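Report on one structure; see the data block that follows.
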Amino acid sequence: MMLSNKTIVLGVTGSIAAYKAAEIASQLTQAGARVNVVMTREAVEFVSPVTFRAISGRPVVTEMFDLASEYSIEHVSLAAAADIVAVAPATANVIAKLAAGIADDMLCCTVLATRAPVLIAPAMEARMYMNQVTQENLEKLKARGFVIVGPGAGWLASGKEGLGRLADTSDIIDSICQMLGKGSGLAGKRIVVTAGGTQEPVDPVRYIGNRSSGKMGYALAEAARDRGASVLLITAPATTTEPAGVDVTRVGTAQEMCEAVENATPGADALIMAAAVADYRPARKLEEKIKKTEAGLTLELECTPDILSAVRGSIVRVGFAAESSNLVENAKEKLQRKGLDLIVANDVTAPDSGFGADTNRVTVIDREGRVDSLPLLSKRQVAEKVLDRVAELLAGAER
Ligand SMILES: Cc1cc2nc3c(=O)[nH]c(=O)nc-3n(C[C@H](O)[C@H](O)[C@H](O)COP(=O)(O)O)c2cc1C
């Protein structure tokens, strides 16, 4: 997972939204990050450092000259240890100080001294935010490579509606993951992921579908996004929430998925096909609902189009194979037949694995015939393993 073992400085400033930083600290800590909270003196007026101390399980810095703090001896030690510095919420005041290079508190010192990427999540009254000086200060920070997240529009503490709300915790954490992901071999790459289960209409109300939940494909899209890739998720119907921060094209049938892939792949670096695409569809789609008769019903089915044959150009191709027997042999045959670089095979009859499950036990096979049988992992962990291999293949293609 992108956040585990990462050191994150979370700067909290004197905004009414400071209480929301407690949730950010909590989620980062739960995801395995070391969260070093640095609070301005004004932030302490809003939320007690005790809250952050308890949530992060780590010392909280509030004073520059606190000799009891393990960090204050060297005022840049926090900056040096950080993988990322996130200031959330960031007041107009702190934004102005950072734009001017003022370092009169521990947070500003840390931001000035760090080489780590810096995220700023502004939170303030709409008029403060729209003020020309604040806008100019944010532009200066952007020009220096700071990532500005939000603010959002909505209810403000003044009781008015407007722009200035701290961005949602999930958006801030997504951005942190993306920023940490740069350097993972996929930054700036264009990755197309297919997901979900296609539905082939029989008549206006019925279709032939499958049990795909979309979880595996969505986990791949999220993990690729977090590694800094630009991701297009082409999704057939799924029961999972679509990930934020990726482009989404929704399709229904295998034919629509084929067309979407054909449009999306020129210029893409990798195509990962985790969708469960129907092999067969009704030969005729009836315009009228089929009436029940005593005679029973025979449906004539025809093959759906082969999506891979619609893919142009040199692009890393990863397929999935859901098998119920002879896993490795069947997957190897599919890898050869479809000209894939990598195939991820899963035994859909294994417990806690395959359609609908949160976990998956897969075997990854490459063109050289290397067979890597992974243990039961979460779908996100499987996604990370697959993306490690995609990054290797892309690095190999560049050499
Ligand atoms: C109740 C209250 C709420 C405030 N909320 C905000 C806010 O959301 N955003 C902001 O930029 N300033 C806000 N301020 C003003 C800051 O607290 C003030 O500018 C302070 O100097 C910021 O200090 P700091 O940037 O060092 O944390 C608020 C002030 C008060 C009294």
**Fill in**
Quick note, the stretch 289-371: a/c under 1.5 would make it rounded; otherwise a/b > b/c is prolate and the rest oblate (a ≥ b ≥ c, C-alpha gyration tensor); here it is oblate
**Asked** In what order do Ile315, Ile176, Ile84 fall by count of nearby beta-carbon atoms within 10 Å, going from fewest to most?
**Response** Ile315, Ile84, Ile176
**Fraction of antiparallel bridges per DSSP, the chain only, in percent to nearest 5** = 30 percent
**Prompt:** Can you give the relative contact order of the chain as a percent, counting alpha carbon pairs under 8 Å and 6+ residues apart?
**Reply:** 11 percent
**Complete:** Calc'd 3J(HN,Hα), the stretch 146-158, phi into Karplus 6.51 cos²θ - 1.76 cosθ + 1.60 (θ = phi - 60°), Hz, glycine/Pro = x, comes to 5, 9, 9, 10, x, x, x, 9, x, 5, 10, 4, 5
**Item:** Phi-based couplings in Hz for the stretch 112-129 (Karplus 6.51, -1.76, 1.60; Gly and Pro marked x)
**Value:** 5, 8, 7, 9, 6, x, 10, 10, 10, 10, x, 8, 5, 4, 4, 5, 5, 5
**Request:** Quick one: order Ser184, Ser48 by neighbouring beta-carbon count within 10 Å, fewest to most.
**Result:** Ser48, Ser184
**Complete:** Contact order relative to length for the stretch 7-181, counting C-alpha pairs under 8 Å separated by 6 or more residues, stands in percent at 22 percent
**Prompt:** What net charge do the residues around Ala157 carry, taking every other residue with its C-beta under 11 Å from that of Ala157, with Lys and Arg at +1 and Asp and Glu at -1?
**Reply:** +1
**Message:** Which of rounded, prolate or oblate describes the stretch 7-181 when judged by the alpha-carbon gyration tensor and an a/c cut-off of 1.5?
**Reply:** rounded
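How big is the shadow of the Cα convex hull of the chain, averaged over all directions, in nm²?
That works out to 24.9 nm².
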**Asked** Quick one: net charge of Asp366's neighbours, Cβ under 9 Å, K/R +1, D/E -1?
**Response** 0
**Request:** Could you pull out every residue, at least 5 positions away or on a different chain, whose amide H is within less than 5 Å of the one on Ala90? Hs are placed 1.01 Å off N in the peptide plane, and Pro or chain starts have none.
**Result:** Ala121, Ala123
**Most mobile listed residue (Glu323, Glu262, Glu302) in the chain, GNM with C-alpha springs under 10 Å** = Glu302
**Request:** Considering the options Val147, Val44, Ser56, tell which one lies farthest towards the positive end of the dipole of the stretch 7-181, charges being +1 on Lys and Arg and -1 on Asp and Glu at the Cβ, about the Cα centre.
**Result:** Val147
**Asked** What net charge do the residues around Arg250 carry, taking every other residue with its C-beta under 13 Å from that of Arg250, with Lys and Arg at +1 and Asp and Glu at -1?
**Response** -4
**Message:** If the elastic network links every pair of Cα atoms under 10 Å, which of Pro204, Pro237, Pro282 fluctuates the most in the Gaussian network model of the chain?
**Reply:** Pro204
**Request:** Provide Ser213, Ser15 in ascending order of the number of other Cβ atoms located within 10 Å of each residue's Cβ, fewest first.
**Result:** Ser213, Ser15
**Prompt:** Applying the Karplus parametrisation 6.51 cos²θ - 1.76 cosθ + 1.60 with θ = phi - 60° to the phi angles of the stretch 160-165, what ³J(HN,Hα) value in whole Hz is obtained for each residue in order, glycine and proline being reported as x?
**Reply:** 9, 8, x, 8, x, 5
**Request:** Could you tell me which of the pairs Lys215/Lys332; Lys6/Lys385; Lys97/Lys140; Lys20/Lys160; Lys6/Lys142 are separated by over 21 angstrom between their Cα atoms in the structure shown?
**Result:** Lys215/Lys332; Lys6/Lys142
**Request:** Return the whole-Å distance between the Cα centroid of the stretch 265-316 and the Cα centroid of the stretch 77-120.
**Result:** 52 Å
**Fill in**
Sorted on mean Cβ neighbours within 10 Å (highest first), peptides 148-159, 115-126 come out as 115-126, 148-159
**Request:** Please give, to one decimal in nm, the separation of the simple spin-label points placed at Ile290 and Arg206, each 7 Å out from Cα toward the Cβ.
**Result:** 0.4 nm
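Where a number appears in this text, it was derived from the coordinates with a stated rule and is not lab data. Note that the structure is predicted; figures quoted are calculated from it, not measured. Virtual Cβ from ideal backbone geometry, glycine too; neighbours counted across all protein chains shown.
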